[in-house]
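The values are calculated or read from the model by the stated rules, or taken from the named source; none is laboratory data. Quick caveat: nothing in here was measured; it's all calculated off a predicted structure. Cβ coordinates were reconstructed from backbone atoms using ideal geometry, including for glycine residues, and neighbour counts include every protein chain displayed. We work out accessible area using only protein heavy atoms, side chains counted, and drop any ligands, DNA or RNA first. Shrake-Rupley method; radii C 1.70, N 1.55, O 1.52, S 1.80 Å.
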Amino acid sequence: MTARGRRFRDIVLDLVTVLLLALVLLPITWVFIASVRPDADIMTRSMVPTRVTLDHFTAIFSRGDFLIALRNSLIVGSIVAVGTMLIAVPAAYSLSRFTYRGRDVVGFLILATQMLPAVAVLVPLVVIVRALGLANTLTALTFMHLALGLPIAVWMLKGYIDAVPRELEEAAVIDGSSQLGAMVRITLPLIRPAVVAVGTFAFVLSWGEYLLALAVITSTEVKTLPLALQTLFDPYSFSWGVVMAGGVVIAAPTVLLFLLFRNQLVGGLTAGGIKG
């Protein structure tokens, strides 16, 4: 291919990238802009607001049920993120470093859980939760979100641990460290970007999860943000601006987490995706 042909190809690829990026960002940008526009201004064809207002955010934060849902989502998401990291790290280390009977089967079963859509296991999960008397509790929702995110977290971390040379741990063991000490002092610091990535991934997964919450939660006191957002579609007092403000509140923590841990997220997700 000539230099002129390569230049033309690069320009076409750049234009396609910009077009796809615009298509992805357009609805997100529209939600953020609509959240600070008056209701009468939102449905106009223009993306430029004629007036900026924070009334929608004032309205949504004056709702007691929304604040309760915000608190519940923070509790569930934080526990799921910490629990995922605490369980996934030793599980992934075991699959990566130790050889024992049934290890490959266990690894395959963990991976196989990702082949089933959540809706396929929804009914059995709801039956189990109700049989245990945990319906309408944050405990049930926390365990269900843990089960949802743990398999992919384990496999992401396994791929990352596989890339850490075993010789580093063997040298630590020769110097007198135990296997556990070698994992904590040698491997864990090296896989810190992946641990942060899976923790953030687990939090975001729990934060925006709707289907499982809808199946086991009906009480206002234990509703999470996605369920609270649904209640904003009231036919008697509906406001697009309030709904958009609710969408911004739900999106804000995930955007903040990405900005804080973007380097760890990109590095951890890339490593987990190509190694293993």
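Summarising the label geometry, the points placed 7 Å from Cα in the beta-carbon direction at Leu259 and Ala131 lie 4.7 nm from one another.
Once the Cα-Cα distance is subtracted from the 0.36 nm per residue extended length, the Glu170 to Ala251 segment shows a gain of 24.7 nm.
Note on region 116-259: Cα-Cα pairs beyond 24 Å make up 51% of the total pair count. Considering only protein heavy atoms, what per residue accessible area in square angstrom results for the chain with a 1.4 angstrom probe? Per residue, the chain has an accessible area of 58 Å². Evaluated with a Cβ-only charge set (Lys, Arg +1; Asp, Glu -1), the chain carries a dipole of roughly 540 debye about its Cα centre, given to the nearest 20. The fraction of Cα-Cα pairs per 5 angstrom bin, counted from 0 for region 178-233, comes to 4, 16, 17, 14, 10, 9, 8, 10, 8, 4, 1, 0 percent, rounded to whole percents. In terms of packing, defined here as the mean over residues of other Cβ atoms within 10 angstrom, the peptides 208-214, 177-183, 152-158 line up highest first as 152-158, 208-214, 177-183. In region 52-161, inverting the average of 1/r over every pair of distinct C-alpha atoms gives 16.5 Å as the Kirkwood radius. Pulled fully out, how much extra length does the chain show between Leu26 and Asp65, if you take 0.36 nm times their separation in residues and subtract their Cα-Cα distance? Taking 0.36 nm per residue and subtracting the Cα distance, the gain is 11.0 nm.
When a 1.4 Å probe is rolled over the protein heavy atoms, the share of accessible surface on the chain that falls to carbon and sulfur comes to 71 percent. In order along region 156-173, the phi-based Karplus estimate (6.51 cos²θ - 1.76 cosθ + 1.60, θ = phi - 60°) of 3J(HN,Hα) comes to 4, 5, 4, x, 6, 5, 4, 7, 7, x, 5, 4, 5, 6, 4, 5, 5, 5 Hz; Gly and Pro are listed as x. Available extension along the chain between Ile75 and Ser237 is 55.4 nm, counting 0.36 nm per residue and deducting the alpha carbon span. If you look at the Cα atoms of region 205-261, you get an Rg and a Dmax of 12.8, 41 Å.
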